[in-house]
4 protein chains.
Amino acid sequence: MAERLYYRDYLSLDTILSAQHPRSWQQDNPAHDELLFIIVHQVYELWFKQALYELDTVIRIMGKSYVPEHEVGTALFLLERINRIFGLAIAQFDLLETMTPLDFLAFRDLLHPASGFQSLQFRLLELRLGLDDTDRVLRGYEHSLDERDRIELQQARQQPTLFSVVQTWLERMPFLEFGTYRFWDTYRAAVARMFERERRAVAEHPALTPEEKQQKLHQIQLNEAAFESFFHPDRYAELLQKRQRRLSHRATLAALFIMLYRDYPLLQLPYRLLDAVIRLDHQVSLWRYRHAVMVNRMIGRKVGTGGSSGYDYLVQTVVQQHIFHDLSSLASYLLPPSEIPPLPPEVESQLRFAVEVAP
Amino acid sequence: MAERLYYRDYLSLDTILSAQHPRSWQQDNPAHDELLFIIVHQVYELWFKQALYELDTVIRIMGKSYVPEHEVGTALFLLERINRIFGLAIAQFDLLETMTPLDFLAFRDLLHPASGFQSLQFRLLELRLGLDDTDRVLRGYEHSLDERDRIELQQARQQPTLFSVVQTWLERMPFLEFGTYRFWDTYRAAVARMFERERRAVAEHPALTPEEKQQKLHQIQLNEAAFESFFHPDRYAELLQKRQRRLSHRATLAALFIMLYRDYPLLQLPYRLLDAVIRLDHQVSLWRYRHAVMVNRMIGRKVGTGGSSGYDYLVQTVVQQHIFHDLSSLASYLLPPSEIPPLPPEVESQLRFAVEVAP
Amino acid sequence: MAERLYYRDYLSLDTILSAQHPRSWQQDNPAHDELLFIIVHQVYELWFKQALYELDTVIRIMGKSYVPEHEVGTALFLLERINRIFGLAIAQFDLLETMTPLDFLAFRDLLHPASGFQSLQFRLLELRLGLDDTDRVLRGYEHSLDERDRIELQQARQQPTLFSVVQTWLERMPFLEFGTYRFWDTYRAAVARMFERERRAVAEHPALTPEEKQQKLHQIQLNEAAFESFFHPDRYAELLQKRQRRLSHRATLAALFIMLYRDYPLLQLPYRLLDAVIRLDHQVSLWRYRHAVMVNRMIGRKVGTGGSSGYDYLVQTVVQQHIFHDLSSLASYLLPPSEIPPLPPEVESQLRFAVEVAP
Amino acid sequence: MAERLYYRDYLSLDTILSAQHPRSWQQDNPAHDELLFIIVHQVYELWFKQALYELDTVIRIMGKSYVPEHEVGTALFLLERINRIFGLAIAQFDLLETMTPLDFLAFRDLLHPASGFQSLQFRLLELRLGLDDTDRVLRGYEHSLDERDRIELQQARQQPTLFSVVQTWLERMPFLEFGTYRFWDTYRAAVARMFERERRAVAEHPALTPEEKQQKLHQIQLNEAAFESFFHPDRYAELLQKRQRRLSHRATLAALFIMLYRDYPLLQLPYRLLDAVIRLDHQVSLWRYRHAVMVNRMIGRKVGTGGSSGYDYLVQTVVQQHIFHDLSSLASYLLPPSEIPPLPPEVESQLRFAVEVAP
């Protein structure tokens, strides 16, 4: 306590604020905007550090063999914080884009072959979220990393991911079978009723031409086929095999159950958690999209400073690398409130709090 | 079902998109920016309608004589939505400010004496949040409203407010006394220990001059005095009387209890709710502040189009009209985690869920 | 002047605020979130009206046979305003996404077959920006519009677009040939020098393996080939034919000239204008991307309320429908500042202001 | 060229990412949120470094004895960039506020007596913008700085400020007197006509009661008196003396001239520059306001970690420390377009470009 802490020392500002070394400033023609370029990227990396730190905590919580409800609340809260961090990181592109392509050209060649693809922390974020190497669009990117970074990535591959702990947590959900209740059977019957009703509505519709009716019935058939894969574990296994699905059958069912019955007290937080995970996935994609557009604007379709293939590659990552895509696509398999089969009383009572004495 | 719903009709676009009538366009010199001015204000009013609608639901939920935990969750969720609505309404000022003072002058006189002070919905929002007429900075504003709006405001005054329902909900909290446990006594003892420790730390500090010590001890004394008002219901009543406090003594204690013990499962949502209410209060103030700055930029310190006294008045509303100020100022009365007295087992067990079977 | 204008009347609030008619509220089970859904979409349409209005003015200005510099300034300023409008419209998705898929399901079927694809104003925006029907991903969308909207679209097709007026304005630029100066020849020589230098740097690089050198030389060759299409009007014509390019050869050259020499006083505003146009294109794409993600989250990969094919289609529009792609890809053809050939004095003097007496 | 630049080295990431040293992590009870607290503040300081860097360039440009128009454009562009930086810094509070007061208490005492008041860069920003020590609300703040920081502040006091260079640049404007033209006289006559017209309109108004007329005439009289101070250099000097005004009489007139005649080509950029300066002033205030609200939420009205008096003080700085207040208050002294006196041809011709050949 003898020492008097000073703002500058607490924040290590002497270190932080002297860590900008624009390459072009060591030359004849210092480029005005290189400082902006460096600082914006340093801020990205600081945000990534914070996001990794929070993500780590979320994975630790959700990876427990039993996650009490209030810890689901904590995990949810930290996921929302990560979403905010990405919100800031995304907004930051507007600032970076005040640098024009020509401004960038004034120092771009000096950075060769350094490249944003070498951001270890962003790769770690992808890994810890659960991006699989086989799903990765650019598989050879690790060649541009140095030994030390490759080792760190390799170690991260041994760790649980957000995807894996959420999947296990879902698989443990006890309500899919309970006494004689089988969620699966009631859901399947409800789905059949829904399609039957839709078909009848089309058939009886007074304003549709026969051709339109034909088209609509065909559409219903396609939707029905998509549902069918759910009801046949072997077909679902095939989808997993072909990597058209990533989430296990049981985890998918549990997620669907949570979504359908989210209004029950004990499912509220689990539902919000799934929603936050989906939004985090979208935030990461949005960051990627803004990054792709920025790269396109800065360097056109030429190769990036690190020999990367630029915009076309980046846009692919936006679209294809949704990690929790199976969760967000569950929206296709929800039923309108009026068609959701009611739960049997013995399950219902489990989903309520025994004591409710909140203020 | 014979009718085929069309996007334009569903959204009443023929009505919405033909409801802009720039005054200056009926004249020789149409002002380019008057359309922007009208549309930005119409969008504000649409957001206010949505915010009032959500606020109404929150008040209905929290006004129940018993609020089950999952409904606290719903209320919290809607409060966060209102916060997002205000976030957009605040961001909108950046667009409005692309109109310069001179652009505004081109049609400003034509609007006389209409004025933003006449926004009924904003007044309703203030009222429903709980702004008291006696706390209002500009009391005479109702004179500028027409009969119909005055009547509607008068009716709104009869309704419960967010402030009143949150206060009642807090006052009902059962844990302040429980068996032989008295929250108040343990908190008071903890506060005394904290000040004692602080005083000792100052006295024993090797690096402080006698003068600095004197000053610090004086500061501790002031802080202690502030706490004292809490321990004496009569002194607290005096503060209420002088309107230095608005929230009842018991509700204040309950809020403090929730803040201190928010990590217990059953207090998590109540804690988040109080935090959301505080942030909503701040969002409204931020909207006011941006509005004040915009008015200052547009018309300087001259009177507004409705004869309002402009910037100076508006800035006062920002600072003085915090409705939930008593909640946000509770931050002053929290204790560091290490000094918070532990709860007796009989209270602790009440604050846990009896059954915890979440997935 | 006898009438006293009232805020509510000026803004037509009685009309605006009573134009929300949630379908589900006419039924047994009113869906809480349908009001949010309606208001968010009405606000989108108000923003689109404002954006169309500003875009119209920009097209009028830039479509003049002679555009004085300060009017370029006005057009630039209005483009920046449109960019801000889209910024708000994009941020609005965060609010809409507080509605979950299940919330939406509670009223989604009631909206059938209305669909966001039927937003006339968004189609008009695309058209007025210059989206060509042949570039449009979803060509058959007009079938879902009613007669009245189709007629309005048809009329809009007769009008000049931002693309067409910017192209004509660029083609008129007088500096590409001036006296004996030919921009084209000097640029081509500079490009040749640049590639020569790059090749030499690779050849002499001490740290590269022969294989790496081979690879880099190949890359240089590819980049050089891309430049070549610029130097041969017939090859360029082929690209236009194949719709790999949209902007005329001469306009492309003029844009490149402006980008390279943007530091000359008379080219500053034109440069900023091109940059604003590129950013507007990106903002529209970003809106589309957020829309696609939202649709995916709300309804999965099922067909939309209007029979649209949903996410996959929408993502294609994001990537493929950049209207000013040729402008943004010019970044690939810029030269580093040190390699830009100096202008001859007779051109330089034209690009300065004759009188510079600003304060 | 032998060295191969690596992303991590270019950005000094080993330095940046290891510069977080949470105090509580060296203790028994590491506080989860201290990392967030540190990183958010480090990012603030990085933004401040960038803002100072851009501000320095703006001051250098505008401080030249002659500022060619296109350099006004550059200064304007950099001011807009600073505005964006502050936009991000302001948005960052939303992230910081995911830390609650109780989270903060878990490590707050460990930071004593460090305080945000010790941010040297923020003080430098204030100084370089032109905040005068005599206008500063908290004058004694320097006592909390260490010797090194105090010296740096002292040196900064010798440098030109944005306020001083803009003032000098305005004072140099040549058009206030030109041949026989005296801006001042024509403006004064126009103002007189405006008030005369307003008085007549009130007098002849059929719907106003005598009392209302009285009140309105009184208001006009007050406004007129405010204008009068402009017309009497000695009265204006008195205002400067009493520090009710900061900007010199001549600079104020020049700014008014630019605002009134901003549609002339040569005044467009100067006008946009003044507007950007006013918005920068407001952005800084907005940052202060968000900071004040955050401090209030975190620590209530207790003293801050550095012994600062907290919220009340901070709110005062928001309202009172507008540096360019004289510029923004000029909005009060503008005239509606129809009342602005036309310029004599000899001035008009000076305000147009001699050659206008832009594309």
Candidate set: segment A:334-353, residues that are free of Cβ contacts under 8 Å to residues at least 12 places away in the same chain and more than 9 Å from every other protein chain (Cβ to nearest Cβ); chosen: the one nearest to the chain's Cα centre (by Cα)
A:PRO342
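Restrict the check to segment A:158-167 and report whether at least one residue is at pLDDT below 90 and part of a loop (DSSP other than H, G, I, E, B). Show your work before the answer.
Initially, segment A:158-167 is screened for residues at pLDDT below 90, giving none.
No, segment A:158-167 contains no residue that is at pLDDT below 90 and part of a loop (DSSP other than H, G, I, E, B).
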Given the conditions (1) touching a helix residue (DSSP H, G or I) at 6+ places or on another chain (Cβ under 6 Å); (2) modelled with pLDDT of 95 or more; (3) of a type outside the set (Val, Ile, Thr), every one holds for A:GLY73 apart from (2)
Quick check on my filter: what residues within segment C:71-93 are open to solvent by 20 Å² or more (accessible area, probe 1.4 Å), of a type outside the set (A, V, I, L, M) and within 29 Å of B:SER18 (Cβ to Cβ)?
C:THR74, C:PHE77, C:GLU80, C:ARG84, C:GLY87
What's the number of the only condition in (1) farther than 22 Å from D:ILE323 by Cβ; (2) modelled with pLDDT under 90 that D:TYR261 fails to meet?
(2)
When restricted to B:ALA207, B:ALA251, the only residue of a type outside the set (Val, Ile, Thr) and within 26 Å of B:MET62 (Cα to Cα) is B:ALA251
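The rows are residues; the columns are (1) more than 10 Å from every other protein chain (Cβ to nearest Cβ); (2) crowded, with 19+ Cβ neighbours inside 10 Å.
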residue: B:LEU5; (1), (2): no, no
residue: B:TRP47; (1), (2): no, yes
residue: B:GLN50; (1), (2): no, yes
residue: B:ILE59; (1), (2): yes, yes
residue: B:LYS64; (1), (2): yes, no
residue: B:GLU69; (1), (2): no, yes
residue: B:PHE107; (1), (2): no, yes
Please go through segment B:185-201 and pick out each residue that is farther than 16 Å from B:LEU222 by Cα and modelled with pLDDT under 90.
B:ALA201
Residue, farthest from the chain's Cα centre (by Cα), within segment B:100-133, restricted to residues that are free of Cβ contacts under 8 Å to residues at least 60 places away in the same chain and in a loop (DSSP other than H, G, I, E, B)
B:THR100
Of all residues in segment C:246-277 being open to solvent by 10 Å² or more (accessible area, probe 1.4 Å) and under 15 Å from the mean Cα position of the chain (by Cα), which is farthest from the other protein chains (Cβ to nearest Cβ)?
C:ARG246
The one condition in (1) touching a residue at least 12 places away in the same chain (Cβ under 8 Å); (2) more than 30 Å from D:ASP263 (Cβ to Cβ); (3) surrounded by fewer than 21 Cβ atoms within 10 Å (Cβ to Cβ); (4) charged (D, E, K, R) that B:GLU97 fails to fulfil:
(2)
Surrounded by fewer than 16 Cβ atoms within 10 Å (Cβ to Cβ) and touching a helix residue (DSSP H, G or I) at 6+ places or on another chain (Cβ under 7 Å): which single residue out of A:PHE175, A:PHE195 fits that description?
A:PHE195
Index of the failed condition, B:GLU177 passing every other in (1) free of Cβ contacts under 8 Å to residues at least 40 places away in the same chain; (2) within 30 Å of B:ASP133 (Cα to Cα):
(2)
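Considering segment D:18-45 alone, what residues qualify as being touching an Asp or Glu at 6+ places or on another chain (Cβ under 6 Å) and open to solvent by 10 Å² or more (accessible area, probe 1.4 Å)? Lay out the reasoning, then the answer.
So the first thing to find is which residues in segment D:18-45 are touching an Asp or Glu at 6+ places or on another chain (Cβ under 6 Å), and the list is D:22, D:24, D:33.
Result: D:ASP33, single match.
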Subset tally (residues that are within 11 Å of chain C (Cβ to nearest Cβ), assigned to a helix (DSSP H, G or I) and not basic (Lys, Arg)) for segment B:11-45
16
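Hey, among C:ARG200, C:ARG123, C:ARG188, C:ARG157, which residue is open to solvent by less than 20 Å² (accessible area, probe 1.4 Å) and either more than 10 Å from every other protein chain (Cβ to nearest Cβ) or closer than 20 Å to C:ILE323 by Cβ (or both)?
Working: C:ARG200 fails: open to solvent by less than 20 Å² (accessible area, probe 1.4 Å); C:ARG188 fails: open to solvent by less than 20 Å² (accessible area, probe 1.4 Å); C:ARG157 fails: open to solvent by less than 20 Å² (accessible area, probe 1.4 Å).
Result: C:ARG123 is the single residue among C:ARG200, C:ARG123, C:ARG188, C:ARG157 that is open to solvent by less than 20 Å² (accessible area, probe 1.4 Å) and either more than 10 Å from every other protein chain (Cβ to nearest Cβ) or closer than 20 Å to C:ILE323 by Cβ (or both).
From the list B:ARG157, B:ARG81, B:ARG150, B:ARG136, which one is of a type in the set (Lys, Arg) and without any contact (Cβ under 8 Å) to a residue 24 or more places away in the chain?
Working: B:ARG157 fails: without any contact (Cβ under 8 Å) to a residue 24 or more places away in the chain; B:ARG81 fails: without any contact (Cβ under 8 Å) to a residue 24 or more places away in the chain; B:ARG136 fails: without any contact (Cβ under 8 Å) to a residue 24 or more places away in the chain.
Answer to the check: B:ARG150.
For C:GLU211, are the conditions met, namely being in a helix (DSSP H, G or I) and exposed (fewer than 15 other Cβ atoms within 10 Å of the Cβ)? Steps first, please.
Details: in a helix (DSSP H, G or I): yes; exposed (fewer than 15 other Cβ atoms within 10 Å of the Cβ): yes.
Answer is yes for this residue.
The values are calculated or read from the model by the stated rules, or taken from the named source; none is laboratory data. What you are looking at is a predicted structure, and each value in this text was computed from that prediction instead of being measured. Cβ: placed from backbone, ideal geometry, glycine included. Neighbour counts: every protein chain shown. Surface areas here come from the heavy atoms of the whole protein model, side chains and all, with no ligands, DNA or RNA. Shrake-Rupley method; radii C 1.70, N 1.55, O 1.52, S 1.80 Å.
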